[in-house]
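The values are calculated or read from the model by the stated rules, or taken from the named source; none is laboratory data. Fair warning: this is a prediction, and the values are worked out from it, not measured in the lab. Here Cβ is always computed from backbone atoms with ideal geometry, including for glycine, and neighbour counts include all displayed protein chains.
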Amino acid sequence: MKSSAKEKILDAALSVIRAKGYSATSVDDLCAAAGVTKGAFFHHFKSKEDLAVAAAQYWSDMTGKLFAAAPYHAHERPLDRVLGYVDFRKAILQRSLPEFTCLVGTMVQEAYDSNPAIRDACARSINGHAHTLEADIDAAINEFGIEPPWTAPSLALFTQSVLQGAFILAKAKNGASVAADCVDHLRRYIEMLFSQPQVKEYAP
């Protein structure tokens with residue numbers, strides 16, 4: 001099926017912004033990558049900021065389909081599904097740097113203070129993705145019969161903090177190996193959380 005001009009621009013945003021960063025990406029860059037005119041761009045988006053907000057939702061939609069179809073969901077035990085998610089994230093690191101790094105993580109680092117609309121769109125994307133892990137984490141807590149001093153939402157968000165940090169290190173070192181090491185540590189950490197007794201901390 002032929003892509004519309006709007007889809008072409010959004011697809012261009014996903015690739016160009018991850019490669020160049022939000023600030024360094026111009027409307028001209030996006031139009032050139034999408035193969036559309038500036039008139040077409042401004043027909044669909046009022047500004048580059050408007051495009052960035054739309055791109056964050058587009059990113060969520062595209063990656064949501066990818067992760068929903070990922071093989072880790074087939075595991076019977078919930079902890080295996082959580083660990084399978086981590087393994088899937090490591091497998092994605094085999095791609096090039098711009099292909100495995102995160103659009104919303106890239107944008108929010110640059111625009112969190114200067115562009116609240118972009119910041120909020122990125123937060124919705126990151127939080128929404130983390131939320132997809134919560135049910136399996138909760139189920140694993142119940143299966144192991146533990147009462148941890150942490151919650152499923154907090155661990156789900158922690159996985160995202162490790163991954164986003166891993167992407168930054170990969171960019172700094174211009175290679176994926178350091179990111180793979182971080183993901184390995186994340187996997188070991190999650191395994192440790194479920195391998196020893198834990199009790200909730202109560203205030204005196």
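I need a count of the residues in region 126-160 that are among the β-branched types (Val, Ile, Thr), within 24 Å of Lys65 (Cβ to Cβ) and surrounded by 16 or more Cβ atoms within 10 Å (Cβ to Cβ). Please lay out each step first, then the result.
Filtering region 126-160 down to residues among the β-branched types (Val, Ile, Thr) leaves 126, 132, 137, 141, 146, 151, 159.
Those still in the list that are within 24 Å of Lys65 (Cβ to Cβ) too: 126, 132, 137, 159.
So of that shortlist, the ones also surrounded by 16 or more Cβ atoms within 10 Å (Cβ to Cβ) come out as 126, 137, 159.
Adding up the residues that qualify gives 3.
Consider Leu97 carefully, then state whether it is at negative phi, crowded, with 20+ Cβ neighbours inside 10 Å and either under 11 Å from the mean Cα position of the chain (by Cα) or not charged (D, E, K, R) (or both). Even if it seems obvious, please write down each step before you answer.
Working: at negative phi: yes; crowded, with 20+ Cβ neighbours inside 10 Å: no; either under 11 Å from the mean Cα position of the chain (by Cα) or not charged (D, E, K, R) (or both): yes.
Taking the combined requirement at face value, the residue does not satisfy it.
Which residues, counting only those in region 147-167, are touching an Asp or Glu at 6+ places or on another chain (Cβ under 7 Å) and of a type in the set (Gly, Ala, Ser)?
Pass one, region 147-167, residues touching an Asp or Glu at 6+ places or on another chain (Cβ under 7 Å): 149, 152-153, 156.
Answer for region 147-167, where residues must be touching an Asp or Glu at 6+ places or on another chain (Cβ under 7 Å) and of a type in the set (Gly, Ala, Ser): Ala152, Ala156.
For region 34-52, give me each residue that is aliphatic (A, V, I, L, M) and buried (at least 20 other Cβ atoms within 10 Å of the Cβ). Spell out the reasoning first.
Going residue by residue through region 34-52, those that are aliphatic (A, V, I, L, M) are 34, 36, 40, 51-52.
Residues satisfying the conditions are Ala34, Leu51, Ala52.
Right, Phe144: in contact with a Leu (Cβ under 7 Å, 6 or more places away or on another chain) and over 27 Å from Asp61 (Cα atoms) or not?
Details: in contact with a Leu (Cβ under 7 Å, 6 or more places away or on another chain): no; over 27 Å from Asp61 (Cα atoms): yes.
Considered against the rule, which asks whether it is in contact with a Leu (Cβ under 7 Å, 6 or more places away or on another chain) and over 27 Å from Asp61 (Cα atoms), Phe144 comes out as no.
Sort through Tyr85, Tyr112 and tell me the only one that's hydroxyl-bearing (Ser, Thr, Tyr) and free of Cβ contacts under 8 Å to residues at least 12 places away in the same chain.
On the way: Tyr85 fails: free of Cβ contacts under 8 Å to residues at least 12 places away in the same chain.
Answer to the check: Tyr112.
On the given criteria, is Ile9 assigned to a helix (DSSP H, G or I), within 25 Å of Phe167 (Cβ to Cβ) and in contact with a Cys (Cβ under 8 Å, 6 or more places away or on another chain)? I'd like the intermediate steps shown before the answer.
Values: assigned to a helix (DSSP H, G or I): yes; within 25 Å of Phe167 (Cβ to Cβ): yes; in contact with a Cys (Cβ under 8 Å, 6 or more places away or on another chain): yes.
Spelling it out, Ile9 is indeed assigned to a helix (DSSP H, G or I), within 25 Å of Phe167 (Cβ to Cβ) and in contact with a Cys (Cβ under 8 Å, 6 or more places away or on another chain).
Being of a type in the set (Lys, Arg) and either touching a strand residue (DSSP E or B) at 6+ places or on another chain (Cβ under 9 Å) or at positive phi (or both) is the filter here; which residues of region 12-54 pass it?
Filtering region 12-54 for residues of a type in the set (Lys, Arg) gives 18, 20, 38, 46, 48.
Answer for region 12-54, where residues must be of a type in the set (Lys, Arg) and either touching a strand residue (DSSP E or B) at 6+ places or on another chain (Cβ under 9 Å) or at positive phi (or both): there is none.
Taking region 15-31, which residues are surrounded by fewer than 20 Cβ atoms within 10 Å (Cβ to Cβ), in a helix (DSSP H, G or I) and in contact (Cβ under 8 Å) with a residue 60 or more places away in the chain?
Within region 15-31, Ser15, Ala19 qualify.
What single numbered condition from (1) farther than 18 Å from Ser125 by Cα; (2) modelled with pLDDT of 95 or more; (3) not acidic (Asp, Glu) fails to hold for Ser3?
(2)
Identify all residues within region 100-132 that are in a helix (DSSP H, G or I) and more than 12 Å from the chain's Cα centre (by Cα); write none if there are none. Spell out the reasoning first.
Let us first name the residues in region 100-132 that are in a helix (DSSP H, G or I), namely 100, 103-111, 116-132.
Of everything in region 100-132, those that are in a helix (DSSP H, G or I) and more than 12 Å from the chain's Cα centre (by Cα) turn out to be Gln109, Glu110, Ala111, Pro116, Ala117, Ile118, Arg119, Asp120, Ala121.
Residues to consider are Ala121, Ala139, Ala179; find the one that is closer than 19 Å to Ser60 by Cα and touching a residue at least 40 places away in the same chain (Cβ under 8 Å).
Only one candidate qualifies: Ala121.
Exactly one of (1) of a type outside the set (Gly, Ala, Ser); (2) touching a residue at least 12 places away in the same chain (Cβ under 8 Å); (3) within 30 Å of Arg188 (Cβ to Cβ) is unmet by Val53. Its number?
(3)
Being assigned to a loop (DSSP other than H, G, I, E, B), over 22 Å from Asp138 (Cβ atoms), in contact with a Leu (Cβ under 7 Å, 6 or more places away or on another chain) and not hydroxyl-bearing (Ser, Thr, Tyr), is that true of even one residue in region 51-63? So that I can check it myself, show each step before the final result.
So in region 51-63, the residues assigned to a loop (DSSP other than H, G, I, E, B) come out as none.
No: zero hits.
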